[in-house]
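Since every read-out is calculated from the coordinates, none of them should be taken as a lab result. From a predicted model like this one, the values you see are computed outputs, not experimental measurements. Cβ placement follows ideal geometry from the backbone for every residue including glycine, while neighbour counts extend to all protein chains displayed.
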Amino acid sequence: MEKPVGPYSPVVKVDGWVIISGQVGIDEGKLVDGGLVPQLHQLFINLKRLLKSQNLSLNDVVKTTVFLTDIEDYAEMNQIYVQEFGNHRPARSAVAVNALPIGAVVEIEAWAKI
């Protein structure tokens with residue numbers, strides 16, 4: 001499991017929920033090279049790993065928030081998002097932000113129901 005880039009818990013379990021803090025495309029402590037697509041693929045690897053640590057999967061996710069540094073990446077992000085979630089469609093918000101930690105271009109947080 002990747003070490004958090006700040007003073008927070010990557011996973012919190014409370015009242016029947018598992019909350020996964022925002023994940024970015026970190027592998028072995030470094031942001032993966034190549035921009036949106038490789039970062040999203042690594043982000044989902046990390047997200048699935050955290051869910052698995054709680055005996056959950058993407059199918060248990062009921063809400064996500066996607067943060068993009070460039071809203072022009074929205075359509076491409078959606079393609080990968082759909083590949084990862086398949087036919088499962090959690091509620092979602094997507095917002096453009098000025099910057100993300102460690103220079104990431106995308107971050108996703110998730111809420112899952114136990």
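Some notes on this structure:
- About its Cα centre, the dipole of the chain is roughly 520 debye, where the only charges are +1 on Lys and Arg Cβ and -1 on Asp and Glu Cβ.
- Take every Cα pair under 8 Å whose residues are at least 6 apart in sequence, average their separation, divide by the length of the chain, and the relative contact order is 36 percent.
- Dipole of the stretch 11-113, positive direction: furthest Cα of Val61, Gly103, Gly34, with charges on the beta-carbon: Val61
- Distribution of pairwise C-alpha distances over the stretch 11-113, 5 Å bins, in %: 3, 13, 25, 27, 19, 11, 3, 0
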